[in-house]
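Presented below is the structure to which this report refers.
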């Protein structure tokens, strides 16, 4: 499968500073010849490199409003975290009306999809006693891909439900077909995204044959326009329908609060997520029933494509006036539509060789090279760790003397030999 990546590199802006390689959770970046290089097989599109790059050399490929021209009827789907980008107690109707005035025919809140996923998860946990522990939320596509490439034994722990974005898109399309009589091909559904991983999941879905979403527009790309429209707005349309149950999915802990079970944990930040996945893999957390894992700090409010500080954004969501409507359990038909359409399969990110014996020989080479490395993991070689450099050397992507300490040893040996020749 050809895998699309939203996170890309602008080489002209790259200074080869190594900030990105030190923060990438999957060691997907190298610096060679003064420029960063993203190893696509390892990248999970978490956006961490976008967040830390001081030169803005890492970018997220998202869609523009120009795409709306390709459809007869367009629906915007704002992420719950979008509401926290604006001043405290901003009326959600004003935000949704402003989005609609960007050129959309309708708006459907992803928070509604989150409510449905919450209800379905509650139902699943109440009715099935043999579920693996802990169940892992399927909401964050960066976490799901991380599990796919690094924790194959935990794929069975992921909740077999589509993310709220896809559930909302399914329902938005259904309502639009009933309202307009148009076909799916004539209806555009666009997610207002806080992170690049959502864009990636639209283009290369892990659990669907084809996403229900037509494209993703970054929050930061339309934020200024929304502020301008709201400033000149008289009376907003009554568009808000989601309750706090769905809206609070935008911050860390919102999903677990909605499930309302005691043995749940909510973990945010990709490094913390990796630590928890290690513990789950080592069967240290079997008393936990459910784990909400978000790659971004603070949850979706910390997405790299947002504009507001994640702590401020999270606080705003907690105090946001919302619809108090009780969320009912989804119908059997809806539950079926919410299931994965295909199973997620393990995808190894470092295949040394097709032949097992050859792969074992290369592994031994890596071990020998690593044993002779300084083990400082300084990143000066352009690899994130000494072990990664050893792997690169064996795979032909690097040289042993890329390590400045190894190079210094070689220079000292040459200097000693030259001195001996002069005697």
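The values are calculated or read from the model by the stated rules, or taken from the named source; none is laboratory data. All of these numbers come straight from a predicted model, not from anything done at the bench. Note that each Cβ is placed from the backbone with ideal geometry, even for glycine, and that neighbours are counted across all protein chains shown.
Please list, ordered by residue number, the helices (runs of 4 or more DSSP H) wholly in the range 237-324 having 2 or more residues that are within 23 Å of residue 93 (Cβ to Cβ). Explain how you work it out, then say what you get.
On the way: elements: 244-247, 254-259, 270-281, 310-318.
It comes to 244-247, 254-259, 310-318.
For the range 387-402, which residues satisfy the criterion of being part of a loop (DSSP other than H, G, I, E, B) and over 14 Å from residue 21 (Cβ atoms)? Show your work before the answer.
Kept after step one, since they are part of a loop (DSSP other than H, G, I, E, B), are these residues of the range 387-402: 396-399.
Across the range 387-402, the qualifying residues are 396, 399.
What single numbered condition from (1) without any contact (Cβ under 8 Å) to a residue 24 or more places away in the chain; (2) crowded, with 23+ Cβ neighbours inside 10 Å fails to hold for residue 252?
Only one criterion in (1) without any contact (Cβ under 8 Å) to a residue 24 or more places away in the chain; (2) crowded, with 23+ Cβ neighbours inside 10 Å is unmet by residue 252, namely (1).
Answer yes or no as to whether residue 235 is without any contact (Cβ under 8 Å) to a residue 60 or more places away in the chain and surrounded by fewer than 18 Cβ atoms within 10 Å (Cβ to Cβ). Steps first, please.
On the way: without any contact (Cβ under 8 Å) to a residue 60 or more places away in the chain: yes; surrounded by fewer than 18 Cβ atoms within 10 Å (Cβ to Cβ): yes.
Against the criterion (without any contact (Cβ under 8 Å) to a residue 60 or more places away in the chain and surrounded by fewer than 18 Cβ atoms within 10 Å (Cβ to Cβ)), residue 235 qualifies.
Being in contact with a helix residue (DSSP H, G or I) (Cβ under 8 Å, 6 or more places away or on another chain), part of a helix (DSSP H, G or I) and under 30 Å from residue 144 (Cα atoms): is that true of residue 407 here?
So residue 407 does not fit the description; no.
Rundown of residues vs (1) touching a helix residue (DSSP H, G or I) at 6+ places or on another chain (Cβ under 7 Å); (2) assigned to a loop (DSSP other than H, G, I, E, B); (3) without any contact (Cβ under 8 Å) to a residue 60 or more places away in the chain, yes/no style:
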site: 12; (1), (2), (3): no, yes, yes
site: 15; (1), (2), (3): no, yes, yes
site: 21; (1), (2), (3): no, no, no
site: 37; (1), (2), (3): no, no, yes
site: 41; (1), (2), (3): no, yes, no
site: 45; (1), (2), (3): yes, yes, no
site: 62; (1), (2), (3): yes, yes, no
site: 68; (1), (2), (3): no, no, no
site: 74; (1), (2), (3): yes, no, no
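Every residue, every condition in (1) at pLDDT 95 or above; (2) over 30 Å from residue 106 (Cα atoms); (3) surrounded by fewer than 20 Cβ atoms within 10 Å (Cβ to Cβ), yes or no:
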residue: 242; (1), (2), (3): no, no, no
residue: 245; (1), (2), (3): no, no, no
residue: 272; (1), (2), (3): yes, yes, yes
residue: 293; (1), (2), (3): yes, yes, no
residue: 306; (1), (2), (3): yes, no, no
residue: 317; (1), (2), (3): no, no, no
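Which ones in the range 100-111 are in a helix (DSSP H, G or I) and surrounded by fewer than 24 Cβ atoms within 10 Å (Cβ to Cβ)? Reasoning before the result, please.
From the range 100-111, those in a helix (DSSP H, G or I) are 100, 110-111; that's our starting set.
Selection gives 100 alone.
Determine which member of the set 330, 374, 384 is part of a loop (DSSP other than H, G, I, E, B), loosely packed, with under 14 Cβ neighbours inside 10 Å and either in contact with a helix residue (DSSP H, G or I) (Cβ under 7 Å, 6 or more places away or on another chain) or in the same structural domain as residue 156 (by TED's automatic domain parsing) (or both).
On the way: 330 fails: loosely packed, with under 14 Cβ neighbours inside 10 Å; 384 fails: loosely packed, with under 14 Cβ neighbours inside 10 Å.
Checking each option against the conditions leaves just 374.
Hey, any hits in the range 302-310 for a residue that's free of Cβ contacts under 8 Å to residues at least 24 places away in the same chain and farther than 29 Å from residue 149 by Cβ?
yes
With the condition kept exactly as written, say whether any residue in the range 338-349 is buried (at least 17 other Cβ atoms within 10 Å of the Cβ) and more than 29 Å from residue 148 (Cβ to Cβ).
no
Could you tell me whether residue 300 is closer than 20 Å to residue 84 by Cα, surrounded by 15 or more Cβ atoms within 10 Å (Cβ to Cβ), assigned by TED's automatic domain parsing to the domain that holds residue 316 and touching a helix residue (DSSP H, G or I) at 6+ places or on another chain (Cβ under 8 Å)? Write out each step before concluding.
On the way: closer than 20 Å to residue 84 by Cα: yes; surrounded by 15 or more Cβ atoms within 10 Å (Cβ to Cβ): yes; assigned by TED's automatic domain parsing to the domain that holds residue 316: yes; touching a helix residue (DSSP H, G or I) at 6+ places or on another chain (Cβ under 8 Å): yes.
Criteria met by residue 300.
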